[in-house]
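Structure, as structure tokens:
The values are calculated or read from the model by the stated rules, or taken from the named source; none is laboratory data. Predicted model, so just to flag it, every value in this text is computed and none were measured. Cβ placement follows ideal geometry from the backbone for every residue including glycine, while neighbour counts extend to all protein chains displayed.
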Amino acid sequence: MPYSMELSYNNRLEFFELPVLPDSIEFKGDGGSSTYTIVGLGEISVIKDRSLREIRFSSFFPMDPSRIYREPDLQNGSDNKSTYFEPEWYVQRIESWLASKIPIRFIFTSDAYQVNTAASIESFEWSEVAGSGGDIEYKLELKEYRFYSAKKVELPSDTTKATKTARPDEKQIPKTYTLVAGDSLFKVAQKVLGDSGRWREIQKLNGITDAQLKTLQIGRILKMPS
């Protein structure tokens, strides 16, 4: 299996293999254990999920196409030459990926070890080497990225919350009413009973004839229906 390294972006819409493989690559990841002291037991170690893996390497982007090199894939019959891009092209790609704040994908393949992970670009340093004819040296630091999304949390309904009920009418209907100037049975029914349509009840209860409706005496005491 050939030794190769690939960086890609946006589901491989943009990608490239490193034109010159680094002399070494560093992988760093802590186990994530924590140490606690328990009374009566002493010191114990609690193993947690491992920390995100860090990846570091350095190499250069060559100006001379003849210096492009990657391990040949003898099994599939491919040579060790890669597609040529000028050094600035690689720098622009990585800089644009870094600015997008979107994780890239890092693929490392060798006989002994394979890594295929989403990663964030933590640091990218580069410089043009004097006297190298345009080569650009660089250092790249990546950090493993774990995709996540906010989960919708549904709060349980408060079944114990009291239902708001209409406030009861605390108004007491008087047993009698004394007529004042301008009163009519229609107005009295509305004022005292809250329903003008009940004026006939007042008329019947007090023995008032239809002829007397227009000549009601001020000060007369009328009985009110319950």
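Can you name the residue in the stretch 66-98 that is more than 41 Å from the chain's Cα centre (by Cα) and of a type in the set (S, T, N, Q) and is also modelled with the highest pLDDT among such residues? Applying the filter and picking the extreme gives Ser66. If you filter the stretch 13-29 down to residues that are exposed (fewer than 15 other Cβ atoms within 10 Å of the Cβ) and assigned to a strand (DSSP E or B), you find that the one that is farthest from the chain's Cα centre (by Cα) is Glu26. A Cβ distance below 6 Å, combined with a sequence gap of six or more or placement on separate chains, defines the contacts here; from the stretch 186-208, residues that are free of Cβ contacts under 8 Å to residues at least 24 places away in the same chain reach residues that are of a type in the set (D, E, K, R) in the pairs Ala189/Arg198; Leu205/Lys223; Asn206/Lys223. Quick check on my filter: what residues within the stretch 175-226 are at positive phi and over 60 Å from the mean Cα position of the chain (by Cα)? Scanning the stretch 175-226 gives Gly182, Gly207, Gly219. The residue pairs whose first member lies in the stretch 92-118 and is on the phi < 0 side of the Ramachandran plot, whose second member is assigned to a strand (DSSP E or B) and among the hydroxyl-bearing types (Ser, Thr, Tyr), and whose beta carbons are closer than 7 Å, counting only pairs six or more residues apart or on different chains, are Trp97/Tyr9; Pro103/Ser120; Ile104/Ser8; Ile104/Tyr9; Arg105/Ser8; Phe106/Thr117; Thr109/Ser4.
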